[in-house]
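The values are calculated or read from the model by the stated rules, or taken from the named source; none is laboratory data. Quick caveat, the model's predicted, so the values are computed rather than measured. FYI the Cβ positions are ideal-geometry reconstructions off the backbone, even for glycines, and counts take in every protein chain you see. The protein model used for the area step is the full one, side chains on, heavy atoms only, and it has no ligands, DNA or RNA in it. Shrake-Rupley method; radii C 1.70, N 1.55, O 1.52, S 1.80 Å.
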Amino acid sequence: MTVAYPRKLRNSIGAREIMKQVVSDREVHLITLNRYRYSEQRSCKDLTEVIEELDGQPAELIRDLSHHICDEARHAMWLTDLLVDLGAKVNTPPGTSYINEFERLLDKDQKDPTKDRDDFVISSLAAINVTEKRGCEYFSAHIHALKEAPQTEENVKIRETIERIFPEEAGHVRWGNRWLAQLADKSPEHRQKVEQAKRKYAAIEQAAYESGMDIVLGAELRRLENLLEIANTMPLWERPQYLMERIPQTLLAPELQFTRLEVAQRVWNRDPKAFMEKFVPMFLSGLNPPSDKPKKATA
């Protein structure tokens, strides 16, 4: 079976490189921890909605999802306690929301549990599984970065919290893999559906991930490329409607414009010299994307 692993940012920057920079800047570090908290908290709501749509069947999956919600709520509690102890904010994180972008790119209306429960379960599990893999990648990179950073009381406290969360997140990936494998084994048709769902939700997750990380010049066009890549994982008859509904928001990207202004203002207020010497060249670097990024076929 296909195993979908998270790709690097713009096919060149890995999680360890990113987290090394994050832990070196306290403000960014605390914002990142608050994003973790928000994601764990929000996943409780999203997983609850899946349980409600399944309406009790299959019972074994309802049980696993309920345990998953319990874990996520505990993680949100640990992160909230940590942030409050550090005097940090526990509000809605600034910038483009990974979760909101992921949900915007989903095709929820095409999967109805009352008409085809297996299709709905496969789609739901594939979506959950790929986001959990991204979370594991970043928790692992975060722990690694904190081990190499100065061992201050604050950094040790943050690392110990993430080390409590990480094993349970890895467990979420394992149970998702197990469920998808069981569904694939039901028939050749089910195997094909699982493989297709893995490709589609891996593309959706990558697009959502990049939307929250890529704010430099040309990001709108890269978002469009990612949208086409998602569409190409779908049956031909589903592509036109999917693209027509999402292209305007992808190209206009008001949240992206707001994030650019917010980040630029923050950098300018902290260090005008760094704004001119680092931020501006970084922003313009978007005109020269990595040449080794895989080409995406048009829909």
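With runs of 4+ DSSP H residues as the only contributors, calculate the mean residue ellipticity of the chain at 222 nm using -39,500 (n - 2.57) per run, divided by the residue total and rounded to the nearest 500.
So the helix-based figure for the chain works out to -24500 deg cm²/dmol.
Compute the distance in nm between two label points, each set 7 Å from the Cα along the Cα-to-Cβ direction, one at ASN269 and one at ARG164.
3.2 nm
Take GLU53, GLU137 and sort them by solvent-accessible surface of the protein heavy atoms, 1.4 Å probe, largest at the top. Write out the running numbers ahead of the final one.
Details: GLU53 90, GLU137 55 Å².
Final ranking, largest accessible area leading: GLU53, GLU137.
Given a Förster radius of 22 Å and the C-beta distance between CYS70 and ALA181 as r, what FRET efficiency does 1/(1 + (r/R0)^6) yield to the nearest 0.05? Can you show the working numbers first?
Values: r = 24 Å, r/R0 = 1.07.
Given R0 = 22 Å and the Cβ-Cβ separation, E is 0.40.
Given a 10 angstrom Cα cut-off, can you work out which residue in ARG159, ARG26, ARG104 is the most mobile in a GNM of the chain?
So, out of ARG159, ARG26, ARG104, the one fluctuating most is ARG26.
Round to a whole number: what % of the accessible area of the range 1-150 belongs to carbon and sulfur, probe 1.4 Å?
Working: 3780 of 7160 Å².
Carbon and sulfur: 53 percent of the exposed surface of the range 1-150.
Given Cβ point charges of +1 (Lys, Arg) and -1 (Asp, Glu) and nothing else, what value in debye, to the nearest 20, does the dipole of the range 3-153 about its Cα centre take? Mind showing how you got there, number by number?
Working: 21 positive and 27 negative charges, 148 e Å.
My answer is approximately 700 debye.
Give a quick list of trypsin sites (Lys or Arg not before Pro) in the range 105-136 that DSSP marks as loop, anything other than H, G, I, E or B, with at most 14 other Cβ atoms within 10 Å.
Numbers: sites: LYS108, LYS111, LYS115, ARG117, LYS133, ARG134; in loops: LYS111, LYS115.
Sparse-neighbourhood loop trypsin sites (Lys or Arg not before Pro): LYS115.
At 4 °C and a viscosity of 1.567 mPa s, what translational diffusion coefficient does Stokes-Einstein give for the range 139-216, taking Rh as the Kirkwood radius over Cα pairs? Give it in µm²/s as a whole number. Please report the intermediate quantities before stating the final value.
Working: Rh = 15.5 Å.
Answer from the Stokes-Einstein relation: 84 µm²/s.
What percentages make up the Cα-Cα pair-distance distribution of the chain when the bins are 5 Å wide from 0?
1, 5, 11, 15, 17, 17, 14, 11, 6, 3, 1, 0, 0
Which entries in LYS20/LYS200; LYS20/LYS147; LYS133/LYS186; LYS45/LYS133; LYS89/LYS157 show an alpha-carbon gap greater than 21 Å? It would help to have the intermediate numbers written out before the result.
Values: LYS20/LYS200 30 Å; LYS20/LYS147 10 Å; LYS133/LYS186 24 Å; LYS45/LYS133 19 Å; LYS89/LYS157 17 Å.
In this structure, LYS20/LYS200; LYS133/LYS186 lie more than 21 Å apart at Cα.
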